[in-house]
């Protein structure tokens, strides 16, 4: 009987200790849910606008005009069909608008690249840029963006005009959605498409602050020069990018900016007269506007389910809740514990469909 009594006493002690641990865990959980002191209502809240401004600066150079996001920088390099336009946020390179009229060369096979390497042994200045150009085995726009920085590093090595240019970094490029384009070159293109994708600005050990996402377009053409074997050319390499999980709220402003790009007549006429510019591509401004329209169409017709899943993951990852303003019909990110501590009637938890709506800022407690 004594042994049985001791046995029940130890079991009771174990149960008591377990209940204490459960109670402590519950208290800590509640503290995490309500990190603010006490409860709060509408009068205690204010909105912090962290979305990309819809205000633009009008920029004019000797070859183009464009309205770019306020405070951003526009840089150009290259000549004629190789012209590059880069618009970026000086505080965060992941915010960017990029365009190159023709991106070349990109090799079709290692065998063809080897032929150029033999030519480069005789004339490095003329053929060097082809001898180490990246190879894409699958003729897709996605394949090109997968080697985008190999391409930019190659042209920086062999073309002095690009040597010091600040190119976007698109490492670990992963497409999540693809849409077919309609351009004047679609019929002859190996691929003509627009992609939604994620990327990193670092080759390895990428942190959240290095990750971005964007919408990317291009028209992949197989080009056959008269003297040597062929290679790929990408017409209208164009994209918009933002930090990871910010594309939903900032894409409309970036697309609006890209659509304002217009080349001056002297420049566009010069491109049209260049024998390397395909006659079927037509007027350079029309072709670029078609590229901008493809980005816009792909964005407007994207899958909402992806946005919902991605935004839910981001809120959980970064410690936010998503709320809906019943007075303004706007959606906000709020601090963790908002739903538990909020005592008002104006805001409610966002529905799944409302996770696909761009946020209008961050809801904070004064």
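The values are calculated or read from the model by the stated rules, or taken from the named source; none is laboratory data. Quick caveat: nothing in here was measured; it's all calculated off a predicted structure. All Cβ positions, even for glycine, are placed from backbone atoms using ideal geometry, and neighbour counts span all protein chains on display.
Has region 325-332 got at least one residue that is in contact with a helix residue (DSSP H, G or I) (Cβ under 7 Å, 6 or more places away or on another chain), more than 26 Å from residue 104 (Cβ to Cβ) and either outside the structural domain of residue 181 (by TED's automatic domain parsing) or in contact (Cβ under 8 Å) with a residue 60 or more places away in the chain (or both)? So that I can check it myself, show each step before the final result.
Residues of region 325-332 in contact with a helix residue (DSSP H, G or I) (Cβ under 7 Å, 6 or more places away or on another chain): 331.
Filter once more, so that each one left must be more than 26 Å from residue 104 (Cβ to Cβ): 331.
This time we only want the ones that are either outside the structural domain of residue 181 (by TED's automatic domain parsing) or in contact (Cβ under 8 Å) with a residue 60 or more places away in the chain (or both), so: 331.
Yes, region 325-332 has at least one match.
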Test: residue in region 177-189 that is touching a helix residue (DSSP H, G or I) at 6+ places or on another chain (Cβ under 9 Å), surrounded by 14 or more Cβ atoms within 10 Å (Cβ to Cβ) and in a helix (DSSP H, G or I): no
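To keep it simple, each residue is scored yes or no on (1) more than 25 Å from residue 182 (Cα to Cα); (2) touching a strand residue (DSSP E or B) at 6+ places or on another chain (Cβ under 9 Å); (3) touching a residue at least 12 places away in the same chain (Cβ under 8 Å).
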{"site": "214", "(1), (2), (3)": "no, yes, yes"}
{"site": "235", "(1), (2), (3)": "no, yes, yes"}
{"site": "243", "(1), (2), (3)": "yes, yes, yes"}
{"site": "253", "(1), (2), (3)": "no, yes, yes"}
{"site": "257", "(1), (2), (3)": "no, yes, yes"}
{"site": "270", "(1), (2), (3)": "no, no, yes"}
{"site": "280", "(1), (2), (3)": "no, no, yes"}
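Every residue, every condition in (1) in contact with a strand residue (DSSP E or B) (Cβ under 7 Å, 6 or more places away or on another chain); (2) modelled with pLDDT of 95 or more; (3) under 30 Å from residue 304 (Cα atoms), yes or no:
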{"position": "156", "(1), (2), (3)": "no, yes, no"}
{"position": "160", "(1), (2), (3)": "no, no, no"}
{"position": "163", "(1), (2), (3)": "no, no, no"}
{"position": "168", "(1), (2), (3)": "yes, yes, yes"}
{"position": "172", "(1), (2), (3)": "yes, yes, yes"}
{"position": "177", "(1), (2), (3)": "yes, no, yes"}
{"position": "182", "(1), (2), (3)": "no, no, yes"}
{"position": "186", "(1), (2), (3)": "yes, no, yes"}
Region 47-56, residues that are in a strand (DSSP E or B) and surrounded by 14 or more Cβ atoms within 10 Å (Cβ to Cβ): 47, 56
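Does residue 142 satisfy the condition of being surrounded by 15 or more Cβ atoms within 10 Å (Cβ to Cβ) and assigned to a helix (DSSP H, G or I)? Before the answer, list the steps.
Working: surrounded by 15 or more Cβ atoms within 10 Å (Cβ to Cβ): yes; assigned to a helix (DSSP H, G or I): yes.
When the stated conditions are applied, residue 142 passes them.
When the residues of region 128-137 are narrowed to those that are in a helix (DSSP H, G or I) and buried (at least 20 other Cβ atoms within 10 Å of the Cβ), which ends up nearest to the chain's Cα centre (by Cα)?
First, the residues of region 128-137 that are in a helix (DSSP H, G or I): 128-131.
Filter once more, so that each one left must be buried (at least 20 other Cβ atoms within 10 Å of the Cβ): 130-131.
Values: 130: 29, 131: 30 Å.
Here the answer is 130.
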Number of the condition not met by residue 206 [criteria: (1) under 30 Å from residue 362 (Cβ atoms); (2) assigned to a helix (DSSP H, G or I)]: (2)
Members of region 190-205 found to be closer than 26 Å to residue 132 by Cβ and either surrounded by fewer than 16 Cβ atoms within 10 Å (Cβ to Cβ) or more than 15 Å from the chain's Cα centre (by Cα) (or both), listed by number: 190, 191, 202, 203, 204
Some residue of region 228-239 being out of contact with any helix residue (DSSP H, G or I) (no Cβ under 8 Å at 6 or more places or on another chain), part of a loop (DSSP other than H, G, I, E, B) and either modelled with pLDDT of 95 or more or under 20 Å from residue 85 (Cα atoms) (or both): no
When residues of region 280-289 are limited to those that are closer than 18 Å to residue 240 by Cα and crowded, with 21+ Cβ neighbours inside 10 Å, the one farthest from the chain's Cα centre (by Cα): 287
Verdict on residue 321 being modelled with pLDDT of 95 or more and either closer than 30 Å to residue 185 by Cβ or surrounded by fewer than 19 Cβ atoms within 10 Å (Cβ to Cβ) (or both): no
Matching residues in region 291-311 - criterion: being under 16 Å from residue 353 (Cα atoms), surrounded by 14 or more Cβ atoms within 10 Å (Cβ to Cβ) and in contact with a helix residue (DSSP H, G or I) (Cβ under 6 Å, 6 or more places away or on another chain): 307, 308, 311
Hey, residue 103 over 24 Å from the mean Cα position of the chain (by Cα) and closer than 17 Å to residue 223 by Cα or not: no
Residue 122 being within 29 Å of residue 163 (Cβ to Cβ) and without any contact (Cβ under 8 Å) to a residue 24 or more places away in the chain: yes
